[in-house]
1. Could you please give the count of residues in the range 5-35 that are open to solvent by less than 100 Å² (accessible area, probe 1.4 Å) and acidic (Asp, Glu)?
2. Please determine, by comparing only the residues of the range 36-57 that are in a loop (DSSP other than H, G, I, E, B) and open to solvent by 70 Å² or more (accessible area, probe 1.4 Å), which one is modelled with the highest pLDDT.
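The values are calculated or read from the model by the stated rules, or taken from the named source; none is laboratory data. Because the structure is a prediction, the values reported are computed rather than measured. When the accessible area is computed, the model is the full protein with side chains, heavy atoms only, and any ligands, DNA or RNA have been set aside. Shrake-Rupley method; radii C 1.70, N 1.55, O 1.52, S 1.80 Å.
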Amino acid sequence: QNYLDNFWPDLKAAHELFGSILQARRERESESQENNGKEYPEHLPVEILEAGIKSGRYVQGTLSVNKHRAQLEAFVRLQGFGSKETG
């Protein structure tokens, strides 16, 4: 803000852009506080997921996504299985 005020006081577009970025940042911080610091809301509570994993209803694994073809290629490596078995 100081830089813009001191060196570019007449550049209205830059001041508007800075204000927009500042507002978006404040909104994101307030949403993060509402979600207890988590960027995305949980689909199911942790307790339900843990119970589902223990009962065998859910499985736990690691999602790997091809960074070059993220829309087309991904796989899940299940924990407790050999490295060749994926789902």
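1. Final tally of qualifying residues: 3.
2. Arg57
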